[in-house]
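Peer 1: What follows is a structure written as structure tokens; I'll ask about it next.
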Amino acid sequence: MTGEGDASALEQVFQNMTGYVNLLRNHIAKENNILFRMADKVLSTEDHAGLLKEYAAVIPATLNGGGLADYLSDIDRLDHKYK
């Protein structure tokens, strides 16, 4: 083997990647359209504020210490790049 990989596997890799993307999109859609709407109905304003506070405390500790603004910036950058 020359280290160049198996070109015949490319189609299967692409199919697997596409399937995973579809799985994630469906999962996120269910969260956005069902789970989060249900949570909005049962959580108080104070509950929401507490969740945001806890979320803000966790974000800097993840992914190389980036903060929420960094993540939102990355999302915008990727959104513009792949539109």
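Just so you know, all these numbers are worked out from the coordinates, no wet-lab data involved. Small disclaimer: the values here were computed from a predicted structure and weren't measured. Here the Cβ is made from the backbone with ideal geometry for all residues, glycine too, and neighbour counts use every protein chain on show.
Peer 1: Please work out the FRET efficiency for the pair Leu78 and Val42, using the Cβ-Cβ distance as r and a Förster radius of 30 Å; give the result to the nearest 0.05.
Peer 2: 0.40
Peer 1: Quick one: Asp70, Asp76, fewest Cβ neighbours within 10 Å first, how do they rank?
Peer 2: The most exposed by this proxy come first: Asp76, Asp70.
Peer 1: Calculate the spin-label point distance for Val21 paired with Ala9, positioning each point 7 Å from the Cα along the beta-carbon direction, and give it in nanometres.
Peer 2: Modelled inter-label distance: 2.1 nm.
Peer 1: Work out, step by step, the length gained on full extension between Asp70 and Lys53: first 0.36 nm times the residue separation, then minus their alpha carbon distance; give nm to one decimal.
Peer 2: Here the segment from Asp70 to Lys53 would lengthen by 4.4 nm.
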